[in-house]
């Protein structure tokens, strides 16, 4: 029988894309209030250059970026985080659309997940063969694995997560996480 060990905290990752800079800024404020300061922000890229999946619902020009947060989180809270970000998407969208500030009722998408040293996990509301049910209609999937000193895609990995520039950012995040573990270890030895 294997011993049950405590979890290692993980680096919260949130992908954000929107036609509205106001929606992005509001989401940032809510996320930082809940999870603390953003530690790293990726360069912005065109999500539509990878897929047009959201074009009808959200528009043709969708700038996307990733945020990771200074404070590490319990990986067991991923379902809670996804439920919260979904609620914020709805609230922000309804407000901005009602005020005439967005051309679509859904101006914002927030996709939370986390980075561990060996993998990148994403939350989803959609079931599929490769997804594991967490609770309350939320699933999780391993989107990328880190092996042989690089990120490797899986058959279901989204195209933009396979992009080398985004993987460079994920590697920076992984190094940041390793640094957080070293800091914690050094403090425990004092």
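Couple of notes before you dig in:
- Across segment 151-166, the number of residues qualifying as buried (at least 18 other Cβ atoms within 10 Å of the Cβ) and touching a strand residue (DSSP E or B) at 6+ places or on another chain (Cβ under 6 Å) comes to 3.
- Taken over segment 50-69, the criterion of being within 19 Å of the chain's Cα centre (by Cα), more than 19 Å from residue 167 (Cα to Cα) and in contact (Cβ under 8 Å) with a residue 12 or more places away in the chain is satisfied by 54, 58, 62.
- Selection from segment 152-180 of residues that are without any contact (Cβ under 8 Å) to a residue 12 or more places away in the chain and under 17 Å from residue 118 (Cβ atoms): 152, 153, 175, 179
- Top-ranked residue in segment 101-113 [being at pLDDT 95 or above and out of contact with any helix residue (DSSP H, G or I) (no Cβ under 6 Å at 6 or more places or on another chain); ranked as nearest to residue 22 (Cα to Cα)]: 109
- In segment 102-120, residue surrounded by the most Cβ atoms within 10 Å (Cβ to Cβ) [restricted to those that are free of Cβ contacts under 8 Å to residues at least 60 places away in the same chain and closer than 26 Å to residue 71 by Cα]: 119
- Test: residue in segment 79-97 that is free of Cβ contacts under 8 Å to residues at least 24 places away in the same chain, in a loop (DSSP other than H, G, I, E, B), more than 18 Å from the chain's Cα centre (by Cα) and surrounded by fewer than 19 Cβ atoms within 10 Å (Cβ to Cβ): no
- Residue match in segment 61-73 (condition: surrounded by fewer than 15 Cβ atoms within 10 Å (Cβ to Cβ), modelled with pLDDT under 95 and either touching a helix residue (DSSP H, G or I) at 6+ places or on another chain (Cβ under 8 Å) or assigned to a strand (DSSP E or B) (or both)): yes
- For the criterion of being within 15 Å of the chain's Cα centre (by Cα), surrounded by 12 or more Cβ atoms within 10 Å (Cβ to Cβ), modelled with pLDDT of 95 or more and not in a helix (DSSP H, G or I), residue 30 fails.
- Cβ-Cβ contacts under 6 Å between residues 6 or more apart (or on different chains), taken from a first residue in segment 26-49 that is more than 17 Å from residue 168 (Cβ to Cβ) to a second residue that is in a helix (DSSP H, G or I), are listed as 26/92; 30/88.
- The strands (runs of 3 or more DSSP E) found wholly in segment 123-190 and carrying at least 2 residues that are in contact with a helix residue (DSSP H, G or I) (Cβ under 7 Å, 6 or more places away or on another chain), modelled with pLDDT of 95 or more and closer than 19 Å to residue 82 by Cα occupy 132-135, 138-147.
The values are calculated or read from the model by the stated rules, or taken from the named source; none is laboratory data. A quick note: this is a predicted structure, and the numbers were derived from the prediction, not measured. Using ideal geometry, Cβ is built from the backbone for each residue, glycine included, and neighbour counts are taken over all protein chains shown.
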